[in-house]
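What follows is calculated from the coordinates using simple rules that are stated; it is not laboratory data. Just so it is clear, the model here is predicted, and its values are computed rather than measured. No Cβ is skipped: glycine too gets one built from the backbone with ideal geometry, and neighbour counts run over all protein chains shown.
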Amino acid sequence: MNQEIGRSSFLDDWKLPFAVVIVIALVFGGYEVAERLWLPDADPALLHRLHLLRGMGSTVTASALVIFLLKRRRERIFPRELGVVSVSEGIGEHIAWFIQLRWLAAILTAVAVFLSQHILHLLPAEVSLPLWLGVAVLWLINTAFNRSRGGFLNIRSYLLWLIATDVLILTHLLHFSGGLENSLFSIYVFHVIISGILLSREDAWRVAALIAALFLLLAFGEYSRLLSHY
């Protein structure tokens, strides 16, 4: 009986994450098909605007689903107070849930790199190695955090490190996949939302400031040609 309840609870928790994946896949995949079928000779400026609308539209929709998920499950997934709490007090399953979402993100990142690089051929071959290195680092870091989660007594610090590594890897992947021209830069908003819900207002501002700084460095670096633009 307990196993059935646990299985039902697990499936219920993952309904919206899978819905987010489906929304993004349908928007991006559907657009690629539509562009190749009906817009093969369209004006590049028009295509650029459509790419931005596609990225922002899917991000806003997915963000709304994430907010709903976290608010609906916050009391059961995360404790009321994030601070010095030991894993023995029941925080282990909450961290495990967060790590599971990062595994999902790691899988989707690998799929996106494979499709864009080897199926759709949207990026030059020279960025293949940096992109796959970014994917590998994401998997290795998630493995390290997963194995060391029992040693973290400060949950606030643990979440901040998770978010910081995520946005650093995202910036690396964006740089080698179009920079500001890659509409997936709007994925940054997920980390702002998560920090705003789970952490204090001050920590949320710190996360937002880090993201803004990384994004501006990426923009300035490519604009000034200190960094290559792909």
| field | Difference of contour (0.36 nm per residue) and Cα-Cα distance, Asn154 to Leu217 | value | 19.7 nm
| query | Say each of Leu108 and Ala136 gets a label point 7 Å from the Cα, pointing the same way as Cα to Cβ; how far apart are those two points in nm? | reply | 2.5 nm
| Cα gyration tensor, the range 125-230 - rounded (a/c under 1.5), prolate or oblate | oblate
| request: Report the charge-dipole magnitude of the range 110-230 in Debye, nearest 20, computed about the Cα centre from +1 at each Lys and Arg Cβ and -1 at each Asp and Glu Cβ. | output: 360 debye
